[in-house]
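Beneath this line is the structure, given in structure tokens, with notes to follow.
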Amino acid sequence: MTESCRAFDAWLDQGMPGPADAARAHATTCGRCARALGAALALERALAEEAVRSPRGFTDAVMARIALRSLAAAGMAFAPSSLAWWLRAPAQPATALALVLAAVVLAGRETIAAWAVAGQVAMAEALAHGVPARLLEPIGAGLVFHDPLVRFGVALGLAPVVVLASLALYAWASRSLATPALRPR
């Protein structure tokens, strides 16, 4: 490789700037440089042509595959959003909690019913002892609370009140017991 070949390579690497007479003259006498010039000109012609359009959806498919590869590299086997809803739903914590709660309710339905009845009886007794008897006699409260369907209805009606009261108690306790540094903003 001569000095003129090195100068020719530098001229090609710079994108063939300026006057090309000396470089083209060298390429006519040197086979290696002639092949390099031919390849560079062929590349320039190919780049000057209009690009071929990719099929519809090709870019999105390629980008999705790249995203899956990056998720796999990060330790995830698949993109969570790529699964159907009926496959994502069982993986949700709320689903697991609902299934556990349903199992507990089904397994202990007799116990839960007994607790509800006992609670309603205790509430009826407290209501009967806390309210003067002359106010209860016109509405027949003493007789009404002995009917199991009435007790169940009252328990069912008071369940949302108990839930809301327990949530309010939880919020109050978490606010009052949290240290200032750990308090959520």
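The values are calculated or read from the model by the stated rules, or taken from the named source; none is laboratory data. Quick caveat: nothing in here was measured; it's all calculated off a predicted structure. Virtual Cβ from ideal backbone geometry, glycine too; neighbours counted across all protein chains shown.
Show the residue pairs that are 6+ apart or on different chains and have beta-carbon atoms under 8 Å apart, the first residue being within the range 94-111 and at pLDDT below 85, the second being among the aliphatic types (A, V, I, L, M) and in a helix (DSSP H, G or I).
What qualifies is V105/I112.
Among the candidates L12, L47, L43, L68, which residue alone is more than 30 Å from L83 (Cβ to Cβ), surrounded by 11 or more Cβ atoms within 10 Å (Cβ to Cβ) and out of contact with any His (no Cβ under 7 Å at 6 or more places or on another chain)?
Being more than 30 Å from L83 (Cβ to Cβ), surrounded by 11 or more Cβ atoms within 10 Å (Cβ to Cβ) and out of contact with any His (no Cβ under 7 Å at 6 or more places or on another chain) holds for just one of L12, L47, L43, L68, which is L12.
Filter the range 144-168 down to residues that are hydrophobic (A, V, I, L, M, F, W, C), over 16 Å from A122 (Cβ atoms), surrounded by 10 or more Cβ atoms within 10 Å (Cβ to Cβ) and at pLDDT below 80, then give me how many there are.
Number of matching residues: 1.
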